[in-house]
1. Just for region 224-250: of the residues that are of a type in the set (A, V, I, L, M, F, W, C) and more than 12 Å from the ligand (Cβ to nearest atom), which one is farthest from the chain's Cα centre (by Cα)?
2. Is it true that some residue in region 301-312 is in contact (Cβ under 8 Å) with a residue 40 or more places away in the chain, within 16 Å of Met206 (Cβ to Cβ) and within 12 Å of the ligand (Cβ to nearest atom)?
3. Taking Asn212, is it out of contact with any Pro (no Cβ under 9 Å at 6 or more places or on another chain), more than 21 Å from Val20 (Cα to Cα), within 15 Å of the ligand (Cβ to nearest atom) and at pLDDT 95 or above?
4. Quick check, is Val299 closer than 30 Å to Leu69 by Cβ, in contact with a helix residue (DSSP H, G or I) (Cβ under 9 Å, 6 or more places away or on another chain) and in a strand (DSSP E or B)?
5. Residue check, His221 against (1) more than 19 Å from the chain's Cα centre (by Cα); (2) assigned to a loop (DSSP other than H, G, I, E, B), all met but one. Which one?
6. Among the candidates Lys160, Lys98, Lys58, single out the residue that is basic (Lys, Arg), in contact (Cβ under 8 Å) with a residue 12 or more places away in the chain and closer than 22 Å to Leu191 by Cβ.
7. Which residues, counting only those in region 251-272, are more than 15 Å from the ligand (Cβ to nearest atom) and not charged (D, E, K, R)?
Amino acid sequence: MESTPVAKMNFGKSLLVPSVPELAKQHLTNIPARYVRPEQESPVTYAGASIPVIDLQKLISGDSMDSELQKLHSACQQWGFLQVINHGVTPSILEDFKREVIDLFKLPMEEKKKLWQQEDSFEGFGNSFVVSEEQKLDWNDMFGIMTLPLRIRKVDLFQKLPSNLRGIIEAYSNEMKSLAMIIVCQLAKALRIDENEMRELFSDGMQSIRMNYYPPCPEPHKTIGFSPHSDADALTILFQLDETEGLQVRKDDIWVPIKPLPNALIVNIGDMMEIVSNGVYKSIEHRAIVNSNKERLSVATFSTFNLDSELGPAHSLIGPNNPPIFRRVVVQKYLQDFFARKLDGKSYLDVMKVEARNGES
Ligand SMILES: O=C(O)CCC(=O)C(=O)O
């Protein structure tokens, strides 16, 4: 396969869209038509269930390791989402990072413009997955940045960042890399995948960070903060900067709101992990809703496998009794194809299914 040089790869370019906080500042009573969603996109919600909570310390040491591993395994099978407590991320790094992210979204528009997306990339302020002028828009602004491996970083964008943010992104990115590695090794253990196979896939993997800012919205029930989607990566770690609710996961066709626990991080299985686990773990659709009086901020750190590795069900997992249900493709190609399309639920994972290929003419 002819592969695009990594520096030229498109990891999600998007058409330029107006800044939502600037719209919110206009004290509108009605939101513009491009943000209004048809009723059927908001099926029932159910606040009576909650995603499982996993204690990372219990998972890696002590007497409850086996039971916590079992809990992790069923959480990933049934929910694809969990809250992780005692995750070991340095509290001062979380605090400093939170402060810098809040300050970033408070920059005056003139300063933000210097960090705005370019037409060929999702990095900077703006939005992602906007591919047509008619497409409905989400009620959020985001700031996206590729952080690892170092060779894919946009040096000019890093240099333009406020210096405190630049320093803390480095520390935060390293903590997320270590945490993601600990979690995927535990997933390998639970799935009975050879841990070395998982480590190899994950080492020198790609990491990107997406910071989301959802301003208060005058008509929150008519719009959406982040359209339903599953993540294309292997593992996402979401840091909710405040205790404002907004994230919802789709379980059995019902949207279940996630109540942020203090000091917890949300972890979710991405499409790549569903593929590696041969469908045992589920990459679940999720969305973010907005409200009329409170802003909300979150930061998603996406970790993918090494760009040069081959994505497919783990070799140590498949056999005559467990044939692969997904096909194999080089990670870089998978990401390129994923980002070439509009954000649309789980449809790309369906494309990776073996029967989808067999059905191709
Ligand atoms: O803000 C949230 O809670 C969800 C964010 C999200 O799904 C994403 O950044 O991919």
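1. Step one: list which residues in region 224-250 are of a type in the set (A, V, I, L, M, F, W, C), which gives 224, 226, 232, 234-235, 237-239, 241, 247, 249.
Next, from what is left, pick out any that are more than 12 Å from the ligand (Cβ to nearest atom): 234-235.
On the way: Ala234: 9, Leu235: 8 Å.
Result: Ala234.
2. yes
3. Details: out of contact with any Pro (no Cβ under 9 Å at 6 or more places or on another chain): yes; more than 21 Å from Val20 (Cα to Cα): no; within 15 Å of the ligand (Cβ to nearest atom): yes; at pLDDT 95 or above: yes.
Judged against the criteria, Asn212 is not a match.
4. Numbers: closer than 30 Å to Leu69 by Cβ: yes; in contact with a helix residue (DSSP H, G or I) (Cβ under 9 Å, 6 or more places away or on another chain): yes; in a strand (DSSP E or B): yes.
Here the answer is yes, as Val299 does meet what is asked.
5. So the condition that His221 fails would be (2).
6. Details: Lys160 fails: closer than 22 Å to Leu191 by Cβ; Lys98 fails: closer than 22 Å to Leu191 by Cβ.
On inspection, the qualifying residue turns out to be Lys58.
7. To start, the set of residues in region 251-272 that are more than 15 Å from the ligand (Cβ to nearest atom) comprises 251-254, 262-263.
Within region 251-272, Ile254, Pro262, Asn263 meet the criteria.
To keep it simple, each residue is scored yes or no on (1) within 16 Å of the ligand (Cβ to nearest atom); (2) more than 18 Å from Ile31 (Cα to Cα); (3) crowded, with 21+ Cβ neighbours inside 10 Å; (4) modelled with pLDDT of 85 or more.
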| residue | (1), (2), (3), (4) |
| --- | --- |
| Lys106 | no, yes, no, yes |
| Lys114 | no, yes, no, yes |
| Ser121 | no, yes, no, no |
| Gly124 | yes, yes, no, yes |
| Glu133 | no, no, no, no |
| Asn140 | yes, no, yes, yes |
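The values are calculated or read from the model by the stated rules, or taken from the named source; none is laboratory data. Here the structure is a predicted model, which is why all the values come from computation and not from measurement. Virtual Cβ from ideal backbone geometry, glycine too; neighbours counted across all protein chains shown.
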